[in-house]
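Single-structure report; data block below.
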Amino acid sequence: MGDINVDKEQLVQNDGRKADSSIGKLLLDLGKIKPEDAERVLRLQKAENIRFGDAAQKLGLITEADIKQVLSLQFDYPYLQPNQGQFSKELVAAYKPFSKQVEALRALRSQLILRWFNEGYKSLAIVSATSGDGCSNLAANLAVVFSQLGEQTLLVDANLREPVQHKIFNLNESRGLSDILVGRAGLEVVKKVDSFVDLTVLGAGTVPPNPQELLSRSNFVEFMKQATAHYDVVIVDTAPAVETSDAQTVASRCEGALLTSRLNQTRLSDLTNIRDQLTLAGVQIVGAVVNDF
């Protein structure tokens, strides 16, 4: 975390007073300092030849968290303050962007870009064996880190049995993928999440009695074609693969799957069976991760 902050501060410093003025304006716009505070900061900045942010912090007007927030805005790297937004705290990529956990997510993102998305593919199914393996949380956080990269990202909740993405992102729209597949809703239910700039989320919608049949319809194939035509990255959450064949159907529409498991919980035999089933269905296994979400 420290190295990232130092690099960004150095870049800001290299821009001189213009960059400092930008920081001051952002702090004013965010309500972190008042106009009369800015004068005090400028005097201290000039007297000690330090940066605006350092001067404001030295006067006790702002915190290190405020500096990080301003830098994130300057460098188009959106993340949320601890009490900002009504999203799930499990979105560590949004609330704890400089943690080791999120560094690992960014490393995974880089591997997926090299191994999958740079090969011309745009969609990827996240698949787990059981409901306790953290599939949905991994899908949500991966979508966030891809959007932070500036990629137009769509997260689709294709778990039509026990969906959770609408809870994670606090979606107000009750309709979603299932409603689109039965023709009761259109693409207006796909909601852009303004807090994350380049992230859009489609919830599962009404929980249907026949999820397998819905996901097997040609409507889902058509929806995925539209999604990949309009977005750079489409991450698709799926139902547990041991319990249903939904994940296999969804993954076949994406052509690729990322297997996720939980240490000391997921059975190796389950993962092996899922891998074999997906491979027989023509799905490419892009990778496998052990997560702690």
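The values are calculated or read from the model by the stated rules, or taken from the named source; none is laboratory data. Note that this is a predicted model, so its numbers are computed, not measured. Just so you know, the surface numbers come from the protein's heavy atoms only, side chains and all, with ligands and any DNA or RNA stripped out. Shrake-Rupley method; radii C 1.70, N 1.55, O 1.52, S 1.80 Å.
A 28 angstrom limit on the alpha carbon distance is what I want to check against. Which of 89/192; 46/96; 122/192; 58/192; 58/167 exceed it? Exceeds cut-off: 46/96; 58/192; 58/167. Take the chain with all the other protein chains still there, run a 1.4 Å probe, and you get 48 Å² of accessible area per residue.
Across the accessible surface of the range 92-291, with the other protein chains kept in place and a 1.4 Å probe, carbon and sulfur atoms take up 47 percent.
Partner aspartates and glutamates whose Cα lies under 13 Å from the Cα of residue 225, excluding those fewer than 8 positions away in the same chain, are identified as 255.
For residue 32, a cut-off of 16 angstrom between C-alpha atoms picks up these aspartates and glutamates, skipping any fewer than 8 places away in its own chain: 20, 54, 64, 66.
Checking (1) 126; (2) 155; (3) 136 against volume of the Cα convex hull per residue in Å³ calculated from these atoms, the matching label is (3).
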